[in-house]
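A.B. asks: The following block contains the structure, expressed as structure tokens.
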Amino acid sequence: MKTMVVVGGGAAGMMAAVSAALNGENLKVILLEKNEKPGKKLFITGKGRCNITNLSDVSDILENVVSNPFFLYSSFYSMDSYALVKFFNDAGLKTQVERGNRVFPQSGKSSDVIKTLRTLMDGAGVQVRLNTKVTGIDITDGAVCAVKVIKCEIGSNSRQCANTDTEIIKAGSVIIATGGLSYAQTGSDGDGYKFARDAGHKIVKCFPSLVGLSSSDADIFELAGLTLKNAGVKTFVSGKAVHTGFGEVLFTHGGISGPVILSASRFVTKELENGDNRDIYVSIDLKPALTEKELDMRIQRDFAQNLNKNFANSLDGLLPQSIIPVIIKKSGIAANKKVNAVTKTERAALVNLLKNFRADINGTEGFSRAVVTCGGVDVNEVNPKTLESKLVKGLYFAGEVLDVDAFTGGYNLQIAFSTGYLAGKSAASAK
């Protein structure tokens, strides 16, 4: 009987194990996970609800992949979003489609997705070994032959892995599905990159992606906790707009976050992580439904209804209460100035401020808060039709460890599941 090992028990790893077990004959599938349970990162995705995928055609999904989209062509067509939803539905997981074609478990619990995958692995005969850390992959004559593992013991404060009693597991194929560097507390510590590098693979420099942005603007800090549900966002680098989006913006104690900001971060994170700020800022349209002319007319109407009020007390109907003090400060209009004394020039400046509220950016929240990793195993050294290494026979890659990443909305989990499925199927059917 042949043995295949999957390294990593996340979304890609669990799917790879199921796919291999269902598609292989006379095949023993072993999944190795260093945590005490599989799916730790999957558990926290989508704020604990798990945005499984985006129910869209492959062409639409490819448009939302930023790094190396066409490398994923075969993976997506081996299991597209419709097939993925059917896969989970057939396994007993009920799903629902929400705004933007995002698919979630009907229960709203990511734990149900993990339970479904665990049930599928058990039913397919996958041997799941937890608290087991892979320390290396043995390669002989250009082909995988074994993996080295040690047992991890869980202490009260941290996981301790012994440096002795290394076990050798012989295997004819190995799938590296260890994830990237994001949310290291879930076990994503970059060990997959080490395995790939030891096998001769090039690793494209990694950066946090889909991550909150930090600011040096003290006025932004005053807005911590404020959420703008519908805001227009433009991100600029050296005066050039690199991303335009619309959606929710969340002000944090250190800067800004929210879905539209996470997507915007993908276009500036490399510069920020390299220490090259190059005048990076985000311009937020606080009133995207109104043109500048319409907004000016709205302000004039509000002023007309509050002729004897101070400027500071005239914006309640226009803006959230928490942002008004900052707007007053940035507008240059005296807070105690009567609205009937506000000049046309001052009003034009106010309109411009509301349509172009600026947040200067000087960094990111880092890998500890990043949704995914940008960078990873160079896809030029991986066969896109099978996800097998072009350098080492029997070595496969799946998920975030590869240099592929996408925007928010379920696309990154679709990448994980699709690549996991294809890698597992390919490894199981390889001669």
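A.B. asks: Only residues in the range 341-359 that are touching a residue at least 12 places away in the same chain (Cβ under 8 Å) and more than 15 Å from Lys293 (Cβ to Cβ) count as the first member; pair them with residues that are of a type in the set (A, V, I, L, M) and part of a helix (DSSP H, G or I), Cβ under 6 angstrom, at least 6 apart or cross-chain, and list the lot.
C.D. replies: Pairs that qualify, where the first residue is touching a residue at least 12 places away in the same chain (Cβ under 8 Å) and more than 15 Å from Lys293 (Cβ to Cβ) and the partner is of a type in the set (A, V, I, L, M) and part of a helix (DSSP H, G or I), are Ala359/Ile220.
A.B. asks: Restricting attention to the range 216-248, and to residues there that are more than 10 Å from Val260 (Cβ to Cβ) and among the hydroxyl-bearing types (Ser, Thr, Tyr), which single residue is nearest to the chain's Cα centre (by Cα)?
C.D. replies: Among residues in the range 216-248 that are more than 10 Å from Val260 (Cβ to Cβ) and among the hydroxyl-bearing types (Ser, Thr, Tyr), the one nearest to the chain's Cα centre (by Cα) is Thr227.
A.B. asks: Starting from residues that are over 20 Å from Ile30 (Cα atoms) and at pLDDT 60 or above, keep the ones in the range 138-160 and report whichever is surrounded by the most Cβ atoms within 10 Å (Cβ to Cβ).
C.D. replies: Ranking the candidates gives Gly142 first.
A.B. asks: Ok, one more. Can you find a residue in the range 13-20 that is under 17 Å from Ile175 (Cα atoms) and at pLDDT below 95?
C.D. replies: No: the range 13-20 contains no residue that is under 17 Å from Ile175 (Cα atoms) and at pLDDT below 95.
A.B. asks: Let me ask something additional. What residue, among those in the range 54-99 that are acidic (Asp, Glu) and part of a helix (DSSP H, G or I), is farthest from Leu210 (Cα to Cα)?
C.D. replies: Going through the qualifying residues, I end up with Asp90.
A.B. asks: While we're here: Quick check on the range 403-418. Is at least one of its residues under 26 Å from Asn26 (Cα atoms) and in contact with a Phe, Trp or Tyr (Cβ under 9 Å, 6 or more places away or on another chain)?
C.D. replies: Within the range 403-418, one or more residues are under 26 Å from Asn26 (Cα atoms) and in contact with a Phe, Trp or Tyr (Cβ under 9 Å, 6 or more places away or on another chain).
A.B. asks: Continuing with the same structure: So for the range 219-228 (the condition being on the phi < 0 side of the Ramachandran plot, in a strand (DSSP E or B) and in the same structural domain as Leu319 (by TED's automatic domain parsing)), does at least one residue qualify?
C.D. replies: Yes, the range 219-228 has at least one match.
A.B. asks: Separate question: Considering each of Val18, Val7 in turn, give the residue that is touching a helix residue (DSSP H, G or I) at 6+ places or on another chain (Cβ under 6 Å), closer than 30 Å to Lys151 by Cα and of a type in the set (Val, Ile, Thr).
C.D. replies: None of the other options fit; the residue is Val18.
A.B. asks: Would you check which residues across the range 21-53 are among the polar types (S, T, N, Q), part of a loop (DSSP other than H, G, I, E, B) and crowded, with 21+ Cβ neighbours inside 10 Å and list them?
C.D. replies: Asn51
A.B. asks: Could you pull out the residue among Val85, Val65, Val113 that is under 22 Å from the mean Cα position of the chain (by Cα), within 22 Å of Ala264 (Cα to Cα) and hydrophobic (A, V, I, L, M, F, W, C)?
C.D. replies: It is Val65.
A.B. asks: One residue is enough: does the range 336-348 have a residue meeting the conditions touching a helix residue (DSSP H, G or I) at 6+ places or on another chain (Cβ under 6 Å), farther than 30 Å from Cys206 by Cβ and surrounded by fewer than 14 Cβ atoms within 10 Å (Cβ to Cβ)?
C.D. replies: Checked the range 336-348: no residue is touching a helix residue (DSSP H, G or I) at 6+ places or on another chain (Cβ under 6 Å), farther than 30 Å from Cys206 by Cβ and surrounded by fewer than 14 Cβ atoms within 10 Å (Cβ to Cβ).
A.B. asks: Return yes or no: is Gly13 assigned to a loop (DSSP other than H, G, I, E, B), among the small types (Gly, Ala, Ser) and closer than 24 Å to Ala428 by Cα?
C.D. replies: no
A.B. asks: Does the range 1-39 hold any residues that are in contact with a strand residue (DSSP E or B) (Cβ under 9 Å, 6 or more places away or on another chain) and among the basic types (Lys, Arg), and which are they?
C.D. replies: Lys2, Lys28, Lys34
A.B. asks: While we're here: Please go through the range 239-278 and pick out each residue that is at pLDDT below 90, among the polar types (S, T, N, Q) and surrounded by fewer than 19 Cβ atoms within 10 Å (Cβ to Cβ).
C.D. replies: Asn274, Asn277
This table checks each residue for (1) modelled with pLDDT of 95 or more; (2) of a type in the set (Phe, Trp, Tyr); (3) part of a loop (DSSP other than H, G, I, E, B).
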position	(1), (2), (3)
Arg369	no, no, yes
Glu400	yes, no, no
Leu413	yes, no, no
Phe417	yes, yes, no
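The values are calculated or read from the model by the stated rules, or taken from the named source; none is laboratory data. Quantities reported herein were computed from a predicted structural model and do not represent experimental measurements. Virtual Cβ from ideal backbone geometry, glycine too; neighbours counted across all protein chains shown.
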